[in-house]
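Take a look at the structure set out below.
The values are calculated or read from the model by the stated rules, or taken from the named source; none is laboratory data. Here the structure is a predicted model, which means the values were calculated and not measured. Glycine also receives a Cβ, built like all others from the backbone with ideal geometry; neighbour counts cover every protein chain displayed. The accessibility values were calculated without ligands, DNA or RNA, using every heavy atom of the protein model including side chains. Shrake-Rupley method; radii C 1.70, N 1.55, O 1.52, S 1.80 Å.
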Amino acid sequence: MEVIPAVDIRGGKCVRLYQGDYAQETTFSDDPLSVALDWQSQGAIRIHIVDLDGAAAGEPRNMGIIENIANAVLIPTQMGGGIRDIGTIGKVLKTGVERVILGTAAVESPEVVEAACRKYSESIIIGIDARDGFVATHGWQVEARRKAKEFAMAVVRLGAKRIIYTDISRDGTLTEPNFTAIDEMVETVRIPVIAAGGISSIGHLTILKKLGVEGAIVGKALYTGDINLKKALEAVQS
């Protein structure tokens, strides 16, 4: 199982939100590139990047920083936030980002998902962000009134090869993941699932590994020191 550090960017800075609330932001660094390089130096094998400004605006807003990260690190990167059409997907992949995450576009434009999965295959990840079991879009600000599991099956039928499942109510809280929902998602879709939201201990990571997820995105717990990346990597590899 991969342990994937998150680098969330807003206003050019590396930040973390509480439950996806843009009004509850903590800044951890003015230099997201140095943060990504630090996670790489500690053994990370992939970096998860979110353009928070882009997610809210509907188009990427921090691509200069993101391209610098993708070109500077020697490990793969995946990026989401404001990517809503095929043209933007192509532009992001050309910067050196390995995987593009589609969230809002997957809900509102299924034809984009189908075309993207056909054209870019494994380079596309569908982000399923759920609050109380229902999908949220537009930087988690809008509830789509679609059940997460039903939506997951719909994107699989469209050709999705991988999903990221995030429980918004757990994200940034340092509580614990929604293990029940994650387990149900793994059993439902039968494609690789990456879990996110609420992961705050190495114990959580070992449980997620047993549930069969492909990876776990860890954000706030790495920045606060609740999880040591090197120890976490050792634990999931043992």
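Yes/no per residue for (1) aliphatic (A, V, I, L, M); (2) at pLDDT 95 or above:
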residue	(1), (2)
57	yes, no
69	yes, yes
72	yes, yes
76	no, yes
80	no, yes
93	yes, yes
99	no, yes
104	no, no
107	yes, no
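Of all residues in the stretch 13-48, those satisfying the criterion of being touching a strand residue (DSSP E or B) at 6+ places or on another chain (Cβ under 6 Å), crowded, with 20+ Cβ neighbours inside 10 Å and of a type outside the set (D, E, K, R) are 14, 15, 17, 32, 35, 36, 39, 44, 47, 48. Restricting 172, 198 to those that are closer than 25 Å to residue 58 by Cβ and part of a loop (DSSP other than H, G, I, E, B) reduces the list to 172.
Being in contact (Cβ under 8 Å) with a residue 60 or more places away in the chain and either of a type in the set (Gly, Ala, Ser) or under 21 Å from residue 234 (Cβ atoms) (or both) is a property that residue 72 lacks. From the list 152, 160, the one residue that fits, being assigned to a loop (DSSP other than H, G, I, E, B), modelled with pLDDT of 90 or more and over 12 Å from the mean Cα position of the chain (by Cα), is 160.
Evaluating residue 85 against the criteria (1) open to solvent by less than 30 Å² (accessible area, probe 1.4 Å); (2) touching a helix residue (DSSP H, G or I) at 6+ places or on another chain (Cβ under 8 Å); (3) modelled with pLDDT of 95 or more leaves one unmet condition, (1). The residue of the stretch 180-204 that is nearest to residue 42 (Cα to Cα), among those that are among the hydrophobic types (A, V, I, L, M, F, W, C) and buried (at least 21 other Cβ atoms within 10 Å of the Cβ), is 199. Residues in the stretch 205-238 that are closer than 19 Å to residue 8 by Cβ, open to solvent by 10 Å² or more (accessible area, probe 1.4 Å) and among the β-branched types (Val, Ile, Thr): 217, 224. Only one entry in 152, 106, 148 is over 26 Å from residue 66 (Cβ atoms), open to solvent by less than 20 Å² (accessible area, probe 1.4 Å) and either in contact with a Gly (Cβ under 9 Å, 6 or more places away or on another chain) or among the hydroxyl-bearing types (Ser, Thr, Tyr) (or both), namely 148. Can you confirm whether residue 173 is open to solvent by 50 Å² or more (accessible area, probe 1.4 Å), of a type in the set (Val, Ile, Thr) and over 15 Å from the mean Cα position of the chain (by Cα)? No.
Can you tell me which residues in the stretch 201-220 are under 15 Å from the mean Cα position of the chain (by Cα), of a type in the set (A, V, I, L, M) and not in a loop (DSSP other than H, G, I, E, B)? Selection gives 216, 217, 218.
Pairs are defined by a Cβ separation below 6 Å, a sequence spacing of at least 6 or placement on different chains, a first member in the stretch 111-140 that is among the β-branched types (Val, Ile, Thr) and open to solvent by 30 Å² or more (accessible area, probe 1.4 Å), and a second member that is part of a strand (DSSP E or B) and modelled with pLDDT of 90 or more; no pair meets this definition. Can we say residue 182 is under 18 Å from the mean Cα position of the chain (by Cα) and assigned to a helix (DSSP H, G or I)? Yes: the conditions hold for residue 182.
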